[in-house]
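Structure first, commentary second.
Read-outs: derived from the displayed coordinates by stated rules, not from any lab. Since we're looking at a predicted model, the values are computed, not measured. As a convention, Cβ positions derive from the backbone with ideal geometry for all residues, glycine included, and neighbour counts pool all protein chains shown.
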């Protein structure tokens, strides 16, 4: 085997994990407030999925979206935050509500978090 062939073979072998990773669907973990049958939550989630689709990200093809609904239960919020971070290992997290945001912040400091309908806790504050 010539030296050039060997270098090309090694270079191709080194790039293989990157190619395999790029072909895997990206993962989005979603922690929604309330129950799955709530129309407001479903509407928000639907807009999110539609927006991704317009950008070329299609659930089940090049992206995988895993959704959890907390049903207003604090213990479920913590359990689902840990579940999404630990088991699903998303590339990014989307959360709805201040309590969900706090829970996923406790569960990870490395995964990017996108949030909606979150309060800074100063409702009624007037400057």
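Can you compute the FRET efficiency between residue 62 and residue 109 using 1/(1 + (r/R0)^6), with r the Cβ-Cβ distance and R0 = 30 Å? Round to the nearest 0.05. Walk me through the numbers on the way to the answer.
On the way: r = 27 Å, r/R0 = 0.90.
That gives a FRET efficiency of 0.65.
How would 32, 116 line up from fewest to most surrounding beta-carbon atoms within 10 angstrom?
Lowest count first: 116, 32.
What is the extension gain from residue 92 to residue 76, computed as 0.36 nm multiplied by their sequence separation minus the C-alpha to C-alpha distance, in nm to one decimal? Working shown, then result.
Working: separation 16, 0.36 × 16 = 5.76 nm, distance 1.99 nm.
The residue 92-residue 76 span can extend by a further 3.8 nm.
Using R₀ = 22 Å, calculate the FRET efficiency as 1/(1 + (r/R₀)^6) where r is the Cβ-Cβ separation of residue 50 and residue 118; round to 0.05.
0.55
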